[in-house]
Each structure stands twice: as C-alpha cells, then as structure tokens.
Amino acid sequence: MLGRAAALDYYRAQAFKYIWRCRDKDNTTEDLEKAGYYINQAIDLLKKETAWQAQFYFGRLIEKLEQQV
C-alpha cells in the first residue's frame, strides 16, 4: 500500500498525464474524464485524512477536559 504522500503524487501525476495528452488524441473527453477520476481520488484521500485528524484532535481535547473534571 502506498503512503499518503506517494498516493497523492501518483494521483497528481496521472491527472497531469491525461490532461497533457488530451489535446494530442482524438478522444479528448475520455482523457479529461480519466484526469477527473484521479483528481477526485486525491480529493477523497485528503477529505478522509482531514476527517481523521479532526476526530483525533477532538478526541484528545475531550480526554483533557474529562481529566480536568
């Protein structure tokens, strides 16, 4: 399994590849759709990470508050 940074780099590289070559091929729409797929994969990864970070942060905050009570 790829680490976070490697996965994001992979998604960005794939999106760039499809955007770059779309003008040289007959099926521009298909290449742009493929680029969109990889962009959405990167966005989903970042959203999941952000949700996990928020859950971790608030969990720690609640623990600290409970210790003070």
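The values are calculated or read from the model by the stated rules, or taken from the named source; none is laboratory data. Being a predicted model, the structure only gives us computed values, none of them experimental. Quick note on the areas: whole protein, heavy atoms, side chains included, nothing else; ligands and nucleic acids left out. Shrake-Rupley method; radii C 1.70, N 1.55, O 1.52, S 1.80 Å.
Here are the numbers for the structure shown:
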read-out	value
Residue-normalised accessible area of the chain, expressed per residue, 1.4 Å probe, Å²	85
Hz values of 3J(HN,Hα) by residue in segment 39-47 - Karplus curve (6.51, -1.76, 1.60), Gly and Pro given as x	5, 5, 4, 5, 4, 4, 4, 5, 5
Per-residue ³J(HN,Hα) for segment 11-23, Karplus 6.51 cos²θ - 1.76 cosθ + 1.60, θ = phi - 60°, Hz, x for Gly and Pro	4, 5, 5, 5, 4, 4, 4, 5, 5, 4, 8, 4, 6
Among Ala15, Ala35, Ala51: highest mean-square fluctuation, GNM of the chain, C-alpha pairs under 10 Å	Ala51
Additional length obtainable on full extension of the chain from Arg12 to Gln67, 0.36 nm per residue less Cα span	15.5 nm
Where Rh is the Kirkwood radius over Cα pairs, Rg/Rh for the chain	1.32
Mean ellipticity per residue at 222 nm, deg cm²/dmol - from DSSP H runs of n ≥ 4 across the chain, formula -39500 (n - 2.57)	-31000 deg cm²/dmol
